[in-house]
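Coordinate-derived values only; no laboratory data. Not measured: the values here are computed from a predicted model. Cβ placement follows ideal geometry from the backbone for every residue including glycine, while neighbour counts extend to all protein chains displayed.
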Amino acid sequence: MPFPKPTLTDAALRAWGRDHQRRELPDSHVRGLLARGEPSGNPTFHVRKRLGGTRLRRCLGAYPEMSLKAARAEALRVLAGWGEGRDVLAERKAEQLALVMQTAEPETVRARWRQWREAKDRDWSASYVRQVERIGKAVVLPALGGRVLRATTREDWTSVIVAKRATAPGYAPVVFSIVASFHSYAEALGWLPHLLLPRRRDHVAPSPAARERC
């Protein structure tokens with residue numbers, strides 16, 4: 001008398017334990033769904049199907065985080081998608097990524113400037129903190145605050161400093177110095193791939209000529 005084939009049940013999944021041979025147990029309810037034993041002791045659910053000459057296979061999740069009932073429902077959705085020429089799991093991941101990108105704070109100049117200030121405030125004097133805040137509000141953020149920091153260019157930053165030089169020549173070197181400090185911190189933490197300002201400020205924000213005394 002032949003032995004009955006093992007069936008995929010919650011009891012079988014709970015009793016699986018560690019499986020160093022990675023055995024697979026197909027489901028009798030959803031054709032294409034199977035559980036695979038893992039060395040970790042938590043079986044994983046997979047769905048597979050052959051379409052033409054292509055063999056498709058996707059991992060759905062691990063038991064018990066994903067129940068057998070949920071795995072069957074997910075497998076049916078994936079199989080139906082394959083029948084329509086769609087990859088349901090890939091579409092879902094793309095939607096989740098788009099949602100994260102919409103809700104997460106972008107890596108803007110404004111966000112990075114604030115993170116820099118929060119990290120360095122304790123190391124600065126009270127007068128320097130006020131100076132950084134003033135230059136951020138009056139010079140940097142109005143021009144570049146909404147831009148993604150990594151997407152900015154040297155021309156973007158030098159244009160801001162040159163514009164300040166046109167209205168306040170004596171203040172431009174201070175702006176250059178603070179922006180250079182911000183860029184140095186950003187480059188060290190990987191926010192910028194390299195420093196954007198020129199090493200010398202002579203052409204961008206030279207010190208104003210000393211007044212002649214009579």
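What to note about this one:
- Under a model in which nothing but the beta-carbon of Lys, Arg (+1) and Asp, Glu (-1) is charged, the chain shows a dipole of about 200 debye around its Cα centre.
- Residue-span extension gain [Arg117 to Asp19] - 0.36 nm each, minus C-alpha spacing: 30.1 nm
- Using the Cα coordinates of the stretch 109-188, the gyration tensor eigenvalues translate into equivalent-ellipsoid semi-axes of 18, 16, 10 Å, sorted from longest to shortest.
- Calculated log₁₀ intensity ratio I(q)/I(0) where the Debye formula runs over C-alpha points of the chain, q = 0.16, 0.18 Å⁻¹: -1.01, -1.20
- Summed residue charge, Cβ within 12 Å of Pro198's Cβ, Lys/Arg positive, Asp/Glu negative: +2
- DSSP-loop GluC sites (Glu not before Pro) across the stretch 135-214, with at most 10 other Cβ within 10 angstrom: Glu212
- For the stretch 50-144, the set of GluC sites (Glu not before Pro) satisfying both a DSSP loop assignment and a count of at most 11 other C-beta atoms within 10 Å is given as Glu65, Glu84.
- Report summary: the helix-based calculation at 222 nm, which adds -39500 (n - 2.57) for every DSSP H run with n ≥ 4 and divides by the residues of the chain, gives -13500 deg cm²/dmol.
- Rg(Cα)/(2.2 N^0.38 Å) for the stretch 10-90, N = residue count: 1.09
- 24 Å Cα cut-off, lysine pairs counted over the chain (separation 8 or more, or different chains): 7
- Separation of alpha-carbon centers, the stretch 35-102 and the stretch 138-169, rounded to whole Å: 48
- Kyte-Doolittle mean at least 0.0, axial Cα span of 30 Å or more - DSSP H helices of the chain: none
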